[in-house]
Every structure is written in structure tokens, then in C-alpha cells.
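Undergrad: Before I ask anything, let me first share the structure, which is written out below as C-alpha cells.
The values are calculated or read from the model by the stated rules, or taken from the named source; none is laboratory data. Being a predicted model, the structure only gives us computed values, none of them experimental. Neighbour counts are summed over all protein chains in view; Cβ atoms, including those assigned to glycine, are modelled from backbone coordinates with ideal geometry.
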Amino acid sequence: MRPLRPATSPQVGRSFQSGQRSQALIEFALVSPVLLLLLFGVIDLGRAIFYYDTINHAAREGARVAVRASNSLPTNTDVLNAVTGQMQGAPVTAPCPQGPVSAATPAANSAWLYITEPNPPGSVETTPPPNAPGGEYPATAGGGCSAVNPAVGNDQLQVTIRFNLVLITPIVAQATANHIVMTAAAVFRTEY
């Protein structure tokens, strides 16, 4: 004789499956914010590394343009165009091309460009050492900007870029005051 099995109704099986689904939904609701935070944190980290590499490359390329000897000597505009070409998607301006290099923050996801002597001071210079590409015309200080003194005879020029990266992950953005200001500089000797 066979032992009798307890009878199971279809209702018992359904409520067990329904309970598992509810538990999975609750677990997902608890874990998903952490996973999304990690995902967007990785995206922000990737963006920061990308822009760090990009502004360093753009500074080197701008310095190469500033010091090259060609048919016509380079100007601030030539350097700005070279840097802008490297920083696709991020606006680059030159508020005071010959400095002083400002400690202020550029607009969100944009950059400022400076072409100066190596290790420029933080204040306006009326008689600076050579601090501009050889194609620039000399000019006196004015409007909070240093005077323009074109480089000649293998002088060194420094191209500095300050970039303001605004993060997209809320918690990481709050921890970094909603932005990260990156600075890159390259110093080359003029070829003219």
C-alpha cells in the first residue's frame, strides 16, 4: 500500500511564487539605489579621467602652436583655435590671455586659456618677461590683464588651461562642491 501524500492545492503553489516575487521586488528596491550610484559614479570618474587627459593634450598642442616657427608667427588666436580643436564639445575662452592666471572658476563644463611666461604670478604685470606668441603685438596692461610682451629668441612660453567639470552624480557632486576644477600646463621654448 502506498503512503498518502498530503494534498496540495493550486492556491498554495501560487501564493509561494507570489511571495518570492514580492521579496525579489523589495530586495531590488533596496539594492538599486546603491547600484545606480555606483554606475553613475563610474561614469563621472570616466568623464573626469577623459577631461584630465584631454586638457593635458590640449595644453601641449596649444604650446606647440605658440612656439612654432612657420611662414607667419603664431598669435593668441592661433593658440585658442588649436586648443578649441582639441577640446571638442567644451567651450574654451581666453579672458586674459597673458594672465594673470585666475583662481576663479570657469563656467560649467568650459575652460579658460592662458599663454604666459613660465610660473606666472597671480597679479597683473605691467612689464612682464616674454609672455605671448611672437605674432602678437606688444600692449600695455589694462582691464585687469597683464601687458603683452611677445617672445623672441628661444624664450619659454607656458600654456595653461583651467577646466570646470560639473559632475552628474548627486552624492559625488555634493562631496566635491558640485564641480572639479582641473588645471593643465605645458612649457615649450619658442622656435623663432
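Undergrad: Identify the single condition in (1) without any contact (Cβ under 8 Å) to a residue 24 or more places away in the chain; (2) surrounded by 14 or more Cβ atoms within 10 Å (Cβ to Cβ) that PRO121 does not satisfy, given that it satisfies every other one.
TA: (2)
Undergrad: Could you grab the pairs with beta carbons closer than 6 Å, sequence gap of 6+ or different chains, first residue in region 45-68 and farther than 13 Å from GLN88 by Cβ, second one among the polar types (S, T, N, Q) and at pLDDT 95 or above?
TA: VAL67/THR190
Undergrad: Of all the residues that make up region 139-171, how many are at pLDDT below 95 and surrounded by 18 or more Cβ atoms within 10 Å (Cβ to Cβ)?
TA: So the answer is 2.
Yes/no matrix, rows are residues, columns are (1) loosely packed, with under 10 Cβ neighbours inside 10 Å; (2) in a helix (DSSP H, G or I); (3) modelled with pLDDT of 95 or more; (4) β-branched (Val, Ile, Thr):
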site: THR8; (1), (2), (3), (4): yes, no, no, yes
site: GLY19; (1), (2), (3), (4): no, yes, no, no
site: ALA24; (1), (2), (3), (4): no, yes, no, no
site: PHE28; (1), (2), (3), (4): no, yes, no, no
site: VAL34; (1), (2), (3), (4): yes, yes, no, yes
site: ASP53; (1), (2), (3), (4): no, yes, yes, no
site: HIS57; (1), (2), (3), (4): no, yes, yes, no
site: ARG60; (1), (2), (3), (4): no, yes, yes, no
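Undergrad: Counting only residues that are within 13 Å of VAL159 (Cα to Cα), assigned to a loop (DSSP other than H, G, I, E, B) and in contact with a Pro (Cβ under 8 Å, 6 or more places away or on another chain), how many does region 75-115 have?
TA: Count: 5.
Undergrad: Could I ask something else about it? Specify the residue that is surrounded by the fewest Cβ atoms within 10 Å (Cβ to Cβ); the eligible residues are those in region 126-135 that are within 15 Å of GLY62 (Cα to Cα) and of a type outside the set (S, T, N, Q).
TA: GLY135
Undergrad: Right, another one. Within region 137-189, restricting attention to residues that are of a type in the set (S, T, N, Q) and either assigned to a strand (DSSP E or B) or closer than 19 Å to VAL92 by Cα (or both), which residue is farthest from the chain's Cα centre (by Cα)?
TA: Let us first name the residues in region 137-189 that are of a type in the set (S, T, N, Q), namely 140, 146, 149, 154, 156, 158, 160, 164, 169, 174, 176, 178, 183.
Going one step further and asking which of them are either assigned to a strand (DSSP E or B) or closer than 19 Å to VAL92 by Cα (or both), we end up with 156, 158, 160, 164, 183.
Details: GLN156: 25, GLN158: 19, THR160: 13, ASN164: 6, THR183: 8 Å.
Once the filter is applied, the top-ranked residue is GLN156.
Undergrad: Right, next: Taking the condition of being of a type outside the set (D, E, K, R) and within 19 Å of VAL65 (Cβ to Cβ), how many residues in region 142-175 meet it?
TA: Within region 142-175, the subset of a type outside the set (D, E, K, R) is 142-154, 156-161, 163-175.
Subsequent filtering for residues that are within 19 Å of VAL65 (Cβ to Cβ) retains 148-154, 156-161, 163.
Of the residues in region 142-175, 14 are of a type outside the set (D, E, K, R) and within 19 Å of VAL65 (Cβ to Cβ).
Undergrad: Could you tell me which residue of region 62-84 is surrounded by the fewest Cβ atoms within 10 Å (Cβ to Cβ), considering only residues that are among the hydroxyl-bearing types (Ser, Thr, Tyr) and modelled with pLDDT under 95?
TA: Of everything passing the filter in region 62-84, SER72 is surrounded by the fewest Cβ atoms within 10 Å (Cβ to Cβ).
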